Amino acid sequence: MTLEWERIEPWQYVVDSVASEYHRRFNDIDLEDIRQSLYQWFLEHPNKLDTWEAIGPKDAKNLIYRSLRNQALDYCQHWKAKSGGYETSDLFFYEADMVEALLTPVLRGEWNQLNKVDLGRPGRPSAPSEGGNMMAMMIEVDFAYWKLTPDDKKLLFLRHAEAMDFPDIAKEMDLGSEDTARMRHKRGIRKLINKIGGFRPYRDEDTSSVDSAGSTQSDSPYES
C-alpha cells in the first residue's frame, strides 16, 4: 500500500498535536519517529478513514484523534520495551474500577487494611510488581493522586474518602449539577491513570462501519 499524502494533509494538525503530546510523555523517543508511526495508521486504515470523513469533520476529528493517541501509545510502549529489554506483555495497566477500589484505603490512610480491598480480578494479576504486591499498587495510586490539580484531588477525596454521593459533591464544590460532578470524577480518574502509565491500547481494526469503528475504541467510559 502507498501512503497518499492528500489523505493525510487535512489531518496533519491532529498528527502534530498527538505526536507532540506523546513526545512530552515519552521524551526519550524522537518526535519524528512518533509522527511517522501516526502516518502508518492512515496507511493501514483507509476504510475507517473513508467512513469517518463521510460523517462530518467534527466527528471525524474526534475519532481520528482517539485512534492516533492509541497508535502513539502503542508505538511508544513498544519502543520503550525494546530499548529496556522487556516485553510489552509484561506491562501492567490500571483500570478505572481497580483505581477506584484502591483510592478509598489510600485516601483514608488505611495502609494496613490491604486484606479488605477487593479489586474484583480473580485469576488476574493484582499488582504492577512481580508477586502481586498490593502495597505497590497503593503507593503508585497515592503518588499519582498528589500530582493532580487541587480541584481533582478534592473531588476524588470527597467521593472516595468521605463517601459522598454526586449530588452532595456538586453542592459542596459548586459544580451546578450531579452530571457535572460525575463527569469531573470520570475525568479525574482518567487523569490519575494516565499518570501511572495510561490505559491499555485497543486493537484498532480497519472497518468501514461507523458502529464497529466506535466499538473498537474502548469498553471503558473513562478512556474517551
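Here are some notes:
- Unmet criterion (only one of (1) among the hydrophobic types (A, V, I, L, M, F, W, C); (2) outside any helix (DSSP H, G or I); (3) open to solvent by 70 Å² or more (accessible area, probe 1.4 Å)) for M164: (3)
- Enumeration of residues in region 27-55 that are of a type outside the set (A, V, I, L, M), within 14 Å of P10 (Cα to Cα) and open to solvent by 70 Å² or more (accessible area, probe 1.4 Å): D50
- Of all the residues in region 117-158, those that are touching a Gly at 6+ places or on another chain (Cβ under 7 Å) and either modelled with pLDDT of 50 or more or open to solvent by 90 Å² or more (accessible area, probe 1.4 Å) (or both) number 5.
- Residue that is most open to solvent (accessible area, probe 1.4 Å), among those in region 11-21 that are in contact (Cβ under 8 Å) with a residue 40 or more places away in the chain and either among the charged types (D, E, K, R) or in contact with a Lys or Arg (Cβ under 7 Å, 6 or more places away or on another chain) (or both): E21
- Region 159-215 - residue that is of a type in the set (F, W, Y) and at pLDDT below 90 and, of those, farthest from K61 (Cα to Cα): F199
- Against the conditions (1) out of contact with any helix residue (DSSP H, G or I) (no Cβ under 8 Å at 6 or more places or on another chain); (2) among the basic types (K, R); (3) crowded, with 16+ Cβ neighbours inside 10 Å, K58 satisfies every one except (3).
- Y75 meets each of the listed conditions (1) assigned to a loop (DSSP other than H, G, I, E, B); (2) at pLDDT 75 or above apart from (1).
- Scanning region 37-62 for residues that are in a helix (DSSP H, G or I) and over 23 Å from the mean Cα position of the chain (by Cα) gives L43, P46, N47, D50, T51, E53, A54, P57.
- Identity of the residue in region 95-116, modelled with pLDDT under 75 and either outside any helix (DSSP H, G or I) or not polar (S, T, N, Q) (or both), that ends up surrounded by the most Cβ atoms within 10 Å (Cβ to Cβ): L114
- Index of the failed condition, N70 passing every other in (1) of a type outside the set (V, I, T); (2) touching a His at 6+ places or on another chain (Cβ under 6 Å); (3) in contact (Cβ under 8 Å) with a residue 60 or more places away in the chain: (2)
- Here the condition is being surrounded by 17 or more Cβ atoms within 10 Å (Cβ to Cβ) and part of a helix (DSSP H, G or I); of R24, R66, R7, it holds for R66 alone.
The values are calculated or read from the model by the stated rules, or taken from the named source; none is laboratory data. For clarity, every value in this text was computed on a predicted model and none was experimentally measured. Here the Cβ is made from the backbone with ideal geometry for all residues, glycine too, and neighbour counts use every protein chain on show. For accessibility, only protein heavy atoms count, side chains too; no ligands or nucleic acids. Shrake-Rupley method; radii C 1.70, N 1.55, O 1.52, S 1.80 Å.
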